[in-house]
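J.: Quick one: the structure is below, questions incoming.
The values are calculated or read from the model by the stated rules, or taken from the named source; none is laboratory data. None of the values given here were measured: they were computed from a predicted structure. With ideal geometry, Cβ positions are generated from the backbone for all residues, glycine too; neighbour counts draw on all protein chains shown.
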Amino acid sequence: MVERVAIRGAGLTGLSVARELLRAKPDLEVSLFDIRPRYPHPQRTFCFFDYGETELAPVVAHRWKNVRFQGSCFERRVELPSAPYTMIAGDAFFDTILSELDVSGARFRWDCKRIELDNRMIHVDGESFTFDYVVDAAFDPSVASSTLWQSFAGIWISTESPVFDPTTALLMDIQESSQDAPASFMYVLPTSPREALVEHTTFSLRPMSESYHLSRCFEWLERRGILSYETGKGERGAIPMGLHRKNNDFAVGTNAGIVRPATGYAFLAALHSAKLVAKNIVSNESIATNLYPWWLGIGDHLFLRALRNSPARGAELLSGMLEGAADEDMIPFLAGKATFRQALSVWLAVPKIDMIRALTSL
């Protein structure tokens, strides 16, 4: 019988697994260990296409009923009647989940200098503890290897005059590709006519610096004549796209493949996998979960390989897909909810000659 569970890493996945464990078995002893302090929470947002995640409604910061995509030669707007694009502020989410865990009796140890796993043992700063189950939810991008990296940094701005449409999110304004960054785009989330999160993102060989991303944000604003504004909080991050996973029987979260390789979306996958992992632990089974069908993984791998092999073609490949795919296929594809037919439709929208040349590096 499982009575004591330890979790290394108190981020999105670790906290979610702890919450689901205590919901499934309230008398369970759950201990979390993290090298970070409890506060402050990460200054970032989580976004997803909401197909009915009603539990998250209390922490939703904004919803957009339309999204836009554009590049040098195209622009399109897609209505989202059944799956609005939804943003959650990280601090609100973490406050909520930590409060629930406090009430449920979860045990925390923050500011650890070193945390090591050894079968059912955790070694923390010279002390050792034994558990029935040990879960590894920690991820260190500085030692991880990935086909590409999605890195981003953005900043909230407030303008003097109304310049944004708060009903429409700009998911991609595709910029010119470079040798280091096959895909580069702006990402703008307006929450009012005068306020928006303006963010720059790359799919690159290595994570780009925060200063690089922010400079692109300010250049984008200047090109659009948005010159008078105040800046607020910022956010930044690095997400593996095509993580080269190592054998780790204890792994959950990013190390276990919750990040969608071709898009970087992971928030809902983390919540879904946490439920599956908790169910398996309570049943004393393996914690391994498969979140994406094999055929989706193959398609994602080929797309990332094309971007890496031929970075100069990145903008063409991405633009062709976003311009040509049907609305009813593209949104489920981005959300990770596509059927095989819908995914095939999106893949076929990618310029075929450019894709073949990119895959073969011609």
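J.: If I filter the range 286-308 down to residues being among the hydrophobic types (A, V, I, L, M, F, W, C) and not in a helix (DSSP H, G or I), which single residue comes out as surrounded by the fewest Cβ atoms within 10 Å (Cβ to Cβ)?
T.: Ala288
J.: If you don't mind, there's one more thing I want to ask. Among the residues of the range 155-177, count how many are part of a loop (DSSP other than H, G, I, E, B) and under 18 Å from Ala83 (Cα atoms).
T.: Total meeting the criteria: 2.
J.: Considering only helices (runs of 4 or more DSSP H) fully contained in the range 309-362, which possess at least 3 residues that are in contact (Cβ under 8 Å) with a residue 12 or more places away in the chain and over 22 Å from the mean Cα position of the chain (by Cα)?
T.: 314-324, 340-349, 352-360
J.: If you take the residues of the range 10-44 that are surrounded by fewer than 23 Cβ atoms within 10 Å (Cβ to Cβ) and of a type in the set (S, T, N, Q), which of them is farthest from Ala153 (Cα to Cα)?
T.: Ser31
Let's see how each residue does on (1) outside the structural domain of Gly14 (by TED's automatic domain parsing); (2) at pLDDT 90 or above:
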| position | (1), (2) |
| --- | --- |
| Arg236 | yes, yes |
| Phe250 | no, no |
| Gly253 | no, yes |
| Val259 | no, yes |
| Thr263 | no, yes |
| His272 | no, yes |
| Val277 | no, yes |
| Thr289 | yes, no |
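J.: Which one of these is without any contact (Cβ under 8 Å) to a residue 60 or more places away in the chain, assigned to a strand (DSSP E or B) and either out of contact with any His (no Cβ under 8 Å at 6 or more places or on another chain) or surrounded by fewer than 21 Cβ atoms within 10 Å (Cβ to Cβ) (or both): Arg76, Arg63?
T.: One residue alone meets the criteria, Arg63.
J.: Sticking with this structure for a sec: Taking Ile298 and the conditions (1) in contact (Cβ under 8 Å) with a residue 12 or more places away in the chain; (2) farther than 20 Å from Tyr51 by Cβ; (3) of a type outside the set (D, E, K, R), which numbered condition does it fall short on, given that it satisfies the others?
T.: It fails just one condition, (1).
J.: Looking at Met208, Met241, can you tell me which residue is closer than 22 Å to Trp347 by Cα and in contact (Cβ under 8 Å) with a residue 40 or more places away in the chain?
T.: Every option except Met241 fails the conditions.
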